[in-house]
1. Looking at segment 283-299, which of its residues are surrounded by 10 or more Cβ atoms within 10 Å (Cβ to Cβ) and not aromatic (Phe, Trp, Tyr)?
2. Looking at Gln145, Gln171, Gln214, which one is polar (S, T, N, Q) and touching a Pro at 6+ places or on another chain (Cβ under 6 Å)?
3. Inspect all residues belonging to segment 198-208 and state whether any of them is at pLDDT below 85 and out of contact with any helix residue (DSSP H, G or I) (no Cβ under 8 Å at 6 or more places or on another chain).
4. Scan segment 260-282 residue by residue and report those that are surrounded by 19 or more Cβ atoms within 10 Å (Cβ to Cβ) and closer than 24 Å to Glu176 by Cβ.
5. Looking at segment 69-112, which of its residues are among the charged types (D, E, K, R), in a strand (DSSP E or B) and either within 24 Å of Lys138 (Cα to Cα) or under 18 Å from the mean Cα position of the chain (by Cα) (or both)?
6. With respect to the numbered conditions (1) open to solvent by 20 Å² or more (accessible area, probe 1.4 Å); (2) at pLDDT 80 or above; (3) touching a His at 6+ places or on another chain (Cβ under 8 Å), which one is the sole condition not fulfilled by Arg244?
7. Being open to solvent by less than 10 Å² (accessible area, probe 1.4 Å) and under 13 Å from the mean Cα position of the chain (by Cα) is the filter here, so list the residues in segment 154-181 that pass it.
8. Scanning for something β-branched (Val, Ile, Thr), free of Cβ contacts under 8 Å to residues at least 24 places away in the same chain and open to solvent by 10 Å² or more (accessible area, probe 1.4 Å), does segment 106-126 turn up at least one residue?
Amino acid sequence: PPPAGASPGSGALNPFDRRLKRKQKNWAALQAEPAKCDYLREEVRGRGALAGSPRVLTFPLALDVGSGRGYIAQHLTKETVEKLVQVDIAENALKNAVKSEIPTVRVVADEEFLPFKEDTFDLVVSSLSLHWVNDLPKAFREIHQVLKPDGVFIGAMFGGDTLYELRCSLQLAELEREGGFSPHVSPFTAVADLGHLLSRAGFNTLTVDTDEIQVNYPGLFEVMEDLQGKYILCMGESNCSWNRKPLLHRETMLAAAAIYQEMYGNSDGSVPATFQIYYMIGWKYHESQAKPAQRGSATVSFGDLAKIEGLLKRGKE
């Protein structure tokens, strides 16, 4: 098990209560018909490159970090992955994992403390899990360490603008009605930091992309109800920040609903909730990988590129 480490006085170094997060995910895994709550994960999987890589056709051994009930595994095939190891902090999620045609081993472990030897896996994937770790740089280093040379990490996580409409509306309402505000939405990593963190962990040939998924609701109360009932609670995504505020006053909620509608409302009366997704791909170095040319070794100037269009026109004539 991971060390206790985090406490309410830990500050920014440990923003999340990992023990609470484990309880939340365990509770979520036992809910009836959990598949109905997977719509956001399904959308992310459909848009990203979480099931493979253009450079390698088959991965003998793969690791799914923060696997939950196996959202990725059910879309993999034996032609892509020969054997899969699923890791999650919640044992109930692994016990209730969706069956897959791939031989699978399930391990209860923390994403920040992967219990595997160095150079073990050909592929590591992670979908919507790493935003809850306290030490993201360490988690990336752990992933890099367990990858074999020329192994690849493919991941997706929530970005810094996730639920910005809800966050802003609640903060403005609390400032107006209560004279201050507390976080009700978890902090997320900025996209400007992601590539740097992956590079510092040792990954190369990086690809970092960002996308947004927008869901429309009748109003703020429907946003909160859906997030708590269908998405956050059912998927184990409740806020587990140490400095979270447990309750919101009724007057504050009414004010937040009016602000939400005024600032972000659509023409048809609905309001949007935005989920920002970061997609990332990084490779562990191997001598067989292509290397950048030495500085000054180019034989063609960028200035010559302007002449290409003229040559093509001349050729057509």
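1. Scanning segment 283-299 gives Lys284, His286, Gln289.
2. Matching residue, one of Gln145, Gln171, Gln214: Gln214.
3. Scanning segment 198-208 turns up no residue that is at pLDDT below 85 and out of contact with any helix residue (DSSP H, G or I) (no Cβ under 8 Å at 6 or more places or on another chain).
4. Matches in segment 260-282: Tyr260, Val271, Ala273.
5. Asp88, Arg106 - these are the residues of segment 69-112 that are among the charged types (D, E, K, R), in a strand (DSSP E or B) and either within 24 Å of Lys138 (Cα to Cα) or under 18 Å from the mean Cα position of the chain (by Cα) (or both).
6. Of everything listed in (1) open to solvent by 20 Å² or more (accessible area, probe 1.4 Å); (2) at pLDDT 80 or above; (3) touching a His at 6+ places or on another chain (Cβ under 8 Å), Arg244 misses just condition (2).
7. Of everything in segment 154-181, those that are open to solvent by less than 10 Å² (accessible area, probe 1.4 Å) and under 13 Å from the mean Cα position of the chain (by Cα) turn out to be Ile154, Gly155, Ala156, Met157, Phe158, Gly159, Thr162.
8. yes
The values are calculated or read from the model by the stated rules, or taken from the named source; none is laboratory data. These numbers come from a predicted model, not from an experiment. Cβ: placed from backbone, ideal geometry, glycine included. Neighbour counts: every protein chain shown. For the accessible areas, the whole protein counts, side chains as well, though only heavy atoms, and no ligand, DNA or RNA atoms are used. Shrake-Rupley method; radii C 1.70, N 1.55, O 1.52, S 1.80 Å.
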